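Below is one structure, written out as structure tokens, with a few remarks after it.
The values are calculated or read from the model by the stated rules, or taken from the named source; none is laboratory data. This is a predicted model, so every value here is computed, not measured. Note: accessible area is taken over every heavy atom of the protein model, side chains too, but ligands, DNA and RNA are not part of it. Shrake-Rupley method; radii C 1.70, N 1.55, O 1.52, S 1.80 Å.
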Amino acid sequence: MTLWQQIVTIAICVLATMITRFLPFAVFSSGKPAPKYIEYLGKALPPAIFGMLVVYCLKSVEVLSGSYGLPELMGILVTVGLHLWKRQMILSIAGGTVCYMALVQFVF
């Protein structure tokens, strides 16, 4: 890409990011409550996205060869255990990721 094309691409990305960040605040003012379907989406979409991410991450696990999916299973169990214990998403995700990476690098 030329310099001009790079500048235009970056400007479009910045504009799109700014619009998606500020548009909800402009559309749904703080003076009146959000519509019910927006509240429903706010409650339903995060678990749906996490479910989709789990399926995506596990789609290529071979349970009949190699390590039989044990590092993945152990990483998931650590993630769930940490989340049930501390209820902190960052700790749960980081702990499960560290556990999985350690198992893959040093054990399996």
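Here is how the numbers come out for the structure above:
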item	result
With all protein chains modelled, accessible area of K59 [1.4 Å, Å²]	140
Share of carbon and sulfur in the accessible heavy-atom surface of the chain [1.4 Å probe, %]	75
The chain - mean residue ellipticity at 222 nm from DSSP helices (-39,500 (n - 2.57) per run, n ≥ 4, rounded to 500)	-25000 deg cm²/dmol
F50, F25, reordered so the largest accessible area comes first (probe 1.4 Å)	F25, F50
Distance from segment 1-43 to segment 44-108 (C-alpha centre basis), Å	31
GNM result for the chain, Cα springs below 10 Å: residue of M18, M52, M89 fluctuating most strongly	M18
Extent along principal axes [Cα atoms of the chain; Å; largest to smallest]	51, 47, 24
Relative contact order of the chain, defined on C-alpha pairs under 8 angstrom at six or more residues apart (%)	16
GNM flexibility winner over the chain from S92, S30, S67 (Cα, springs under 10 Å)	S30
